[in-house]
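Novice: One structure follows; several queries about it will come next.
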Amino acid sequence: MRVQRALALAGVASRRAAERMVEEGRVTVNGVTATIGQDVADGDALAVDGKPVEAEVTRTAAAFDTFRRY
């Protein structure tokens, strides 16, 4: 999952605002300044302005069984 989406899902900011935060150099992943579009894994330490962010990086898929009515 990309860093912008992880920040948005954690409730830090919207995806667009998170992009601006990354551009400003305020976001770090595992202690290294993040770049836009950088992938974040589940075990990575994500921080904004030095404060840790709890971002659950999971993916959920939903499958629906539909039928056609004749």
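Novice: Name every residue in the stretch 11-39 that is of a type in the set (A, V, I, L, M) and in a strand (DSSP E or B), in order of residue number.
Specialist: Once the filter is applied, which keeps residues that are of a type in the set (A, V, I, L, M) and in a strand (DSSP E or B), the stretch 11-39 yields VAL27, VAL29, VAL32.
Novice: Testing GLU23 on (1) over 13 Å from the mean Cα position of the chain (by Cα); (2) in contact (Cβ under 8 Å) with a residue 40 or more places away in the chain, one condition comes back false. Which one is that?
Specialist: All conditions pass for GLU23, except number (2).
Novice: Do you know which residues across the stretch 1-32 are polar (S, T, N, Q) and open to solvent by 80 Å² or more (accessible area, probe 1.4 Å)? Spell out how you get there, then give the answer.
Specialist: First pass over the stretch 1-32, keeping only residues polar (S, T, N, Q): 4, 14, 28, 30.
The one that is polar (S, T, N, Q) and open to solvent by 80 Å² or more (accessible area, probe 1.4 Å): ASN30.
Novice: Among the residues in the stretch 47-65, are any at pLDDT 90 or above, part of a loop (DSSP other than H, G, I, E, B), among the small types (Gly, Ala, Ser) and loosely packed, with under 10 Cβ neighbours inside 10 Å?
Specialist: Looking for residues that are at pLDDT 90 or above, part of a loop (DSSP other than H, G, I, E, B), among the small types (Gly, Ala, Ser) and loosely packed, with under 10 Cβ neighbours inside 10 Å, one finds at least one in the stretch 47-65, hence yes.
The values are calculated or read from the model by the stated rules, or taken from the named source; none is laboratory data. Owing to the predicted nature of the structure, the values given are computational and were not obtained by experimental measurement. Glycine also receives a Cβ, built like all others from the backbone with ideal geometry; neighbour counts cover every protein chain displayed. Please note that ligands, DNA and RNA were not included when accessible areas were found on the heavy atoms of the full protein model with its side chains. Shrake-Rupley method; radii C 1.70, N 1.55, O 1.52, S 1.80 Å.
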